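Some notes on the structure that comes next.
The values are calculated or read from the model by the stated rules, or taken from the named source; none is laboratory data. Keep in mind that what you see is a predicted model, and the values were worked out from it rather than measured. With ideal geometry, Cβ positions are generated from the backbone for all residues, glycine too; neighbour counts draw on all protein chains shown.
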Amino acid sequence: MSAETREIEVNVDEVACAFGAQASFGDVSNSVKSQLPNNRVVTEVFIDNRFIDLEEEISLQPILMAQLGNVAFKTKEIGMLIRESLEMAPQICAALTMECEEIRALFEQQTFVEAHERVGELSALVDWLLQLISGMQSYGVGDFRDTKLNSGTAMDSVRRMESYLSQLHGALVAKDYPQFTDLLTRDFLAETKIWEEMFNKARVEWTPQKTPKIN
Amino acid sequence: MEEWIQTKDRIIEELFALTFRLSDEVKRGDWEAMDLSLQERAKVFINLIRLDRAHAKEATDKDVYWGKQLEIIKKSGDETYAVIRQELVNLANEFRAGELSRKQIFESEMISPKGNKIEKSV
């Protein structure tokens, strides 16, 4: 068989799929993604059993499959992905609680560079939780925002969090660090504890829909 | 204060503003706007990677962390993923061509002082 007609096997969730050896990694990757059902996403890519991070994945786009080793894609059903994330979410909330105190200490010690980096990390964690809430809302049975908590509904909590984040942002931009850390370790931290309760509840009660809602 | 630290502070402020905006979008159930915010957020993470690498002149633990945040965002949707991919291609090209300089970073339009895009939505 000539190099032009030779086929290369790619594993998608342990199922072998054939592609032309002259196809690029990008062609194959796009083809795999486009053929997945709507409720599945590619979560990991491996070459010779080695995990490929996003940057490497991008750099491999033009490379021909014939030049690569064994390529494998792992996909996940979104409901399952959300369930896994829900296992981690209460731990993230607990980590945020500790993060608040540590950030305050860093600002008090005037180690501003590290303090800002930690604020960025905190922001990324809150973001992850917000993405999870929207995922639960989009892919869950019923309206997650109506979930009852000890202090109102999940929606009430999201509203309060939005207000605290807005105030925190204002204090950060104004470089009013005493105000920022005060808000962080009082209101934001208290709400984070409510989110911990919310995600613990969701971990048990959240049920995925068979097909995602269309908003 | 060193220029790169000031720039980093501005990017972190922008990141925080996007988190605030995201919480507002979740509250309103506006998933379309949320997707756009995540795309913007991806660009901010790329800016952080860019800045950390330019300062350290190599990949750092910190920019690996921002890279992981991109991995999380990429699971959000095809359009968001396409934005991340394009940004990473741009980043790789800049490094390859040796065009990346601190000056370019500081003059980058994407690093908007105090997140002017955000202020409009508040």
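Which residues, taken from the stretch A:32-60, are hydroxyl-bearing (S, T, Y) and surrounded by 14 or more Cβ atoms within 10 Å (Cβ to Cβ)? Explain how you work it out, then say what you get.
First, the residues of the stretch A:32-60 that are hydroxyl-bearing (S, T, Y): A:34, A:43, A:59.
Hits for the stretch A:32-60 are A:T43, A:S59.
Given the conditions (1) buried (at least 18 other Cβ atoms within 10 Å of the Cβ); (2) within 30 Å of A:I8 (Cβ to Cβ); (3) modelled with pLDDT of 90 or more, report the number of the one that A:L106 does not fulfil.
(2)
Would you tally the residues in the stretch B:1-33 being closer than 13 Å to B:T80 by Cβ and modelled with pLDDT under 85?
2
Which of the residues belonging to the stretch B:12-42 are touching a residue at least 60 places away in the same chain (Cβ under 8 Å) and within 8 Å of another protein chain (Cβ to nearest Cβ)?
B:E13, B:A17, B:L18, B:F20, B:D24
Limited to the stretch B:60-93, what total is found for residues that are in contact with a Lys or Arg (Cβ under 8 Å, 6 or more places away or on another chain) and at pLDDT below 70?
1
Residues being more than 11 Å from chain B (Cβ to nearest Cβ) and among the acidic types (D, E): count how many of those fall in the stretch A:52-102.
Result for the stretch A:52-102: 6.
In the set A:I92, A:I58, A:I52, A:I82, which member is farther than 21 Å from A:Q131 by Cβ and in contact with a helix residue (DSSP H, G or I) (Cβ under 7 Å, 6 or more places away or on another chain)? Spell out the reasoning first.
Values: A:I92 fails: farther than 21 Å from A:Q131 by Cβ; A:I52 fails: in contact with a helix residue (DSSP H, G or I) (Cβ under 7 Å, 6 or more places away or on another chain); A:I82 fails: farther than 21 Å from A:Q131 by Cβ.
After applying the criteria, what remains is A:I58.
Let me confirm something: among B:I72, B:I46, which residue is assigned to a helix (DSSP H, G or I), surrounded by fewer than 23 Cβ atoms within 10 Å (Cβ to Cβ), facing another protein chain (nearest Cβ under 8 Å) and not charged (D, E, K, R)?
Every option except B:I72 fails the conditions.
Kindly establish whether A:T111 is more than 19 Å from A:E44 (Cβ to Cβ) and either in the same structural domain as A:E14 (by TED's automatic domain parsing) or buried (at least 18 other Cβ atoms within 10 Å of the Cβ) (or both).
The answer is no for A:T111.
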